[in-house]
């Protein structure tokens, strides 16, 4: 049973560190999300689905219901690559709290982060995590961040074997990078540390120990909503928003993004499962062990004007890994938290593509 002690534990932790899918699924997914041709010549966006178990075998012990669910998303890349039996490398993108796969593949093609990356030869997988968007939903207390990391691990494994659902071919991934935005970065880091099955790690706007006072405040408010049973606006029990209003959401994520992008993003925002919310504090507390267990190349990308991270967050994260770890850090000026949608997104993509070519090949 939840008590006020859960809130206090979460606040203390934050302040202290300031295989294949069933035929019927194939039919349903194929009908619900038809293949889409990207406006960029030679680039395609293919609907995919992964059957996963909502279990937690990660370095962060937390409660999950153990049931089977389907995660849905899109595999985006050059047509020639996605028609091969094996793709040299795929980057799996993990979204933050209160967002979804749309942050990587925005409805406005000018801000389609992975669409632009595909023009540079990159292959990307964007998925809605359990409880979000087109993926299956769960009781808000039925999952947690450790289970979210485990489900990303299962997606990585299915990518490597080609054992997932798509309307046509299901190419295997030779190498896999996992990338995450903000709390999605924490999930990606936990996956890389716990399962040792990826070839690189990209964190955008996430610092294990550099959360700002505003981030702590917002996390405490979200946790309190969860302790009260969740936000009625979410339409599901035990779900709550990070940022209690559209205005809060925009202030937390953006600095230089166009107003139209900010408005559309705010309209797309989703509430978070309270099990995820309540496991954030323990995740932050254990992040030192988690980051020290990462042994693949790491790319850190921060916005200089991110209200969720302190000015020293990039430096703190740069030194969070074990000695000898290959860590590359960039701080982008005039940039907030939502790097894929800020005005600096083209530079973010160039930095990511350059790092990916060096790490897993072009």
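For residue 169 and residue 289, calculate 0.36 nm times their separation in residues minus their Cα-Cα distance, and state this gained length in nm to one decimal.
39.3 nm
Using Cα centres only, tell me the gap between segment 98-161 and segment 324-338 in whole Å.
Segment 98-161 and segment 324-338 have Cα centres separated by 21 Å.
With each pseudo-label sitting 7 Å past Cα toward Cβ, what's the residue 139-residue 329 distance in nm, one decimal?
4.3 nm
Only bridges whose two residues both fall in the chain count here: according to DSSP, what percent of them are antiparallel, nearest 5?
Of all bridge pairs located within the chain, approximately 45 percent are antiparallel.
So if the hydrodynamic radius of segment 174-243 is defined as the Kirkwood radius over C-alpha pairs, what does Stokes-Einstein give as its diffusion coefficient at 4 °C and 1.567 mPa s, in µm² per second?
Value of D from the Cα-based Kirkwood radius: 93 µm²/s.
Largest first and in whole Å, what are the equivalent-ellipsoid semi-axes of the chain based on the Cα gyration tensor, each being the root of 5 times an eigenvalue? Mind showing how you got there, number by number?
Numbers: eigenvalues 157, 107, 83 Å².
The equivalent ellipsoid of the chain has semi-axes of 28, 23, 20 Å.
So if the hydrodynamic radius of segment 219-362 is defined as the Kirkwood radius over C-alpha pairs, what does Stokes-Einstein give as its diffusion coefficient at 20 °C and 1.002 mPa s, in µm² per second?
125 µm²/s
Between residue 358 and residue 318, what is the FRET efficiency for a Förster distance of 25 Å, r being their Cβ-Cβ separation, to the nearest 0.05?
0.90
At 7 Å along Cα-to-Cβ for each site, give me the label-to-label distance between residue 109 and residue 304 in nm.
Rounded to a tenth, the inter-label distance reads 3.3 nm.
Along the Cα-to-C-beta direction of residue 213, a point sits 7 Å from the Cα; which residues of segment 299-326 have their amide N less than 15 Å from that point?
307-312
How large is the Rg to Rh ratio of segment 106-255 when both quantities use alpha carbon positions and Rh follows Kirkwood?
Radius of gyration relative to Kirkwood radius: 0.98.
Could you work out how much longer the chain between residue 119 and residue 263 gets when fully extended? Use 0.36 nm per residue separation minus the Cα distance between them, nm to one decimal. Let's see the in-between values first.
Details: separation 144, 0.36 × 144 = 51.84 nm, distance 2.67 nm.
The span from residue 119 to residue 263 would gain 49.2 nm if fully extended.
Calculate the spin-label point distance for residue 79 paired with residue 53, positioning each point 7 Å from the Cα along the beta-carbon direction, and give it in nanometres.
4.0 nm
All of the numbers you see were taken from the coordinates with simple rules; none came from a lab. These figures come from a predicted structure and were not determined experimentally. With ideal geometry, Cβ positions are generated from the backbone for all residues, glycine too; neighbour counts draw on all protein chains shown.
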